[in-house]
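So the structure is just underneath, and the comments pick up after that.
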Amino acid sequence: MLNAVMMGGFYLDSIRRMKNGGKGPDDLPLYMTDQPELLRRTLNNRLGIGAHFDNRTWRLGQPELSNAGGEQLLTLFGHEVMSSFETPYMRALAEIVTRTRGNVLNIGYGLGIVDRFIEEFRSTRTFGKHVIVELNESLAQQAQIDFPQCTVINDDWRAYLKQVEPGQFGGIVYDGYPLKPDEIHRDGIEFINTLFELGIPCPGTILTFYADTVDSLGNEFVDYLKSKGVQSIDQIQVKVERPHRSVQYWDYDHFVAPIITC
Ligand SMILES: C[S@@+](CC[C@H](N)C(=O)[O-])C[C@H]1O[C@@H](n2cnc3c(N)ncnc32)[C@H](O)[C@@H]1O
């Protein structure tokens with residue numbers, strides 16, 4: 001209840017800022033949508049889910065896997081973190097990130113779907129090392145078992161990125177999870193912003209990520225990317241078949257896969 005109240009305040013504040021031009025306190029673009037009604041719906045929906053985890057709690061959490069009606073579902077603390085209905089979307093993100101000839105970085109292991117596709121693309125593409133960063137201990141262990149050929153880092157992406165050299169990765173894919181209220185519906189933006197702040201992308205680096213948007217990347221986010229000097233900004237829509245149940249985090253039959261070339 002306390003969290004609902006706290007997040008309610010956050011929600012109202014977000015809407016107020018959205019109406020005031022959508023800029024956050026750090027001048028970050030707030031959300032990847034130009035449609036306040038869509039934003040309102042999503043934030044409203046997420047209020048019920050909550051997001052209030054410190055890193056240690058998430059790190060030590062026990063992931064639960066279920067298989068029902070052909071759907072593989074990963075939950076942590078009752079949060080639906082990943083579902084196999086996203087498989088076509090994960091394949092698209094893997095296809096985009098492996099266009100590089102450099103090393104590939106994936107943030108967030110979940111069910112390992114994107115990593116499986118990244119490795120499958122090895123047979124037809126020439127990219128370097130494949131590094132996986134996962135905060136949850138059990139999931140990081142699982143990643144190392146599933147992909148012994150990859151480097152698995154059990155850490156928060158924020159900590160890991162501080163050790164990354166500019167240009168170390170030619171392709172970066174982000175699919176983490178919002179652990180705090182102010183990350184809901186915009187954790188991908190925080191990630192991209194941190195990448196640029198640390199000077200990690202170099203000319204040619206390809207970025208893609210779980211875009212928490214159904215319509216577009218949003219004018220403000222596109223302007224933000226342009227201000228970072230990226231070469232091109234593109235996106236593809238990926239159709240998915242939603243399970244016959246209500247999904248906590250997604251109401252639509254498609255996802256947006258961004259293709260950003262730095
Ligand atoms: C949506 S799932 C990723 C799904 C994955 N793309 C797949 O194909 O199955 C999000 C993952 O990010 C991890 N995660 C959440 N916060 C993180 C953080 N700060 N640093 C690293 N990993 C994080 C979660 O534990 C979870 O495994």
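One line per residue, one yes/no per condition, for (1) out of contact with any Cys (no Cβ under 6 Å at 6 or more places or on another chain); (2) within 14 Å of the ligand (Cβ to nearest atom); (3) under 26 Å from Cys202 (Cα atoms):
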residue	(1), (2), (3)
Lys129	yes, no, yes
Leu139	yes, yes, no
Ala143	yes, yes, no
Pro148	yes, no, no
Leu161	yes, yes, yes
Val164	yes, yes, yes
Gln168	yes, no, yes
Val173	yes, yes, yes
Tyr177	yes, yes, yes
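Within the stretch 243-251, is even one residue at pLDDT 90 or above, closer than 21 Å to Asn44 by Cβ, surrounded by fewer than 20 Cβ atoms within 10 Å (Cβ to Cβ) and not aliphatic (A, V, I, L, M)? Checking the stretch 243-251: not a single residue is at pLDDT 90 or above, closer than 21 Å to Asn44 by Cβ, surrounded by fewer than 20 Cβ atoms within 10 Å (Cβ to Cβ) and not aliphatic (A, V, I, L, M). Summed over the stretch 207-229, the residues that are closer than 20 Å to Asn45 by Cα and surrounded by fewer than 20 Cβ atoms within 10 Å (Cβ to Cβ) give a count of 3.
Of all residue pairs spaced 6 or more apart or on separate chains, those with beta-carbon atoms under 7 Å, a first member in the stretch 105-117 that is touching a residue at least 24 places away in the same chain (Cβ under 8 Å) and polar (S, T, N, Q) and a second member that is surrounded by 24 or more Cβ atoms within 10 Å (Cβ to Cβ) and assigned to a helix (DSSP H, G or I) are Asn106/Val114; Asn106/Asp115; Asn106/Ile118. Cβ-Cβ distances below 6 Å connect the following pairs, each with a first residue in the stretch 119-130 that is at negative phi and at pLDDT 95 or above, a second residue that is surrounded by 14 or more Cβ atoms within 10 Å (Cβ to Cβ) and assigned to a strand (DSSP E or B), and a separation of six or more residues or different chains: Phe127/Val104; His130/Val104. Within the stretch 37-88, the residues that satisfy the criterion of being within 22 Å of Val238 (Cα to Cα) and in a strand (DSSP E or B) are Glu71, Gln72, Leu73, Leu74, Glu80, Val81, Met82, Ser83. The residues of the stretch 179-200 that are assigned to a loop (DSSP other than H, G, I, E, B), touching a Lys or Arg at 6+ places or on another chain (Cβ under 8 Å) and more than 13 Å from the ligand (Cβ to nearest atom), listed by number, are His185, Leu198.
The values are calculated or read from the model by the stated rules, or taken from the named source; none is laboratory data. Quick caveat, the model's predicted, so the values are computed rather than measured. Backbone-built Cβ (ideal geometry, glycine too); neighbour counts: all protein chains shown.
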